[in-house]
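Please read the structure below before turning to the comments.
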Amino acid sequence: MKAFPNPATSKVNIIIKSSEYNTQLVISDINGKTVWQQEIEAGQTSLDVDISNNKYGAGIYFITAYNKNGMESQRLIIRK
């Protein structure tokens, strides 16, 4: 998985490996609280996430992708 730009200020593009299974993407804060989640269809490999609203404060977050093949995680820094 790749997320860019990182650090991000208004939008982050998430690229994942193509999978034959639907993938659950989750962004959680440093305390493990889920702040965003979305399921993407099998075969979809990218998604833009708008982080410009106030529910994302500046700080360290983690993007995690879950599917039947396992999970993958990446750190994301948000600057305001």
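Points worth noting:
- Over 25 Å apart at the Cα level, from the set 11/68; 17/80; 33/68, are 11/68; 17/80.
- Cα gyration tensor category, rounded, prolate or oblate, for the chain with a/c compared to 1.5: prolate
- Charged side chains reduced to their Cβ positions (Lys and Arg at +1, Asp and Glu at -1) give the chain a dipole of some 340 debye around its Cα centre.
- Normalised by the number of residues in the chain, the mean separation of alpha-carbon contacts (under 8 Å, six or more apart) gives a relative contact order of 36 percent.
- Of the chymotrypsin sites (Phe, Trp or Tyr not before Pro) found in the stretch 16-80, the ones in coil according to DSSP and having at most 12 other Cβ atoms within 10 Å of their Cβ are 21.
- Here's the list of aspartates and glutamates a cross-link from residue 55 could span, going by alpha-carbon distance under 14 Å and ignoring same-chain residues fewer than 8 apart: 29.
Values quoted throughout were computed directly from the atomic coordinates according to the rules given, and no laboratory measurement underlies them. Computed from a predicted structure; not experimentally measured. All Cβ positions, glycine included, derive from the backbone under ideal geometry; neighbour counts span all protein chains shown.
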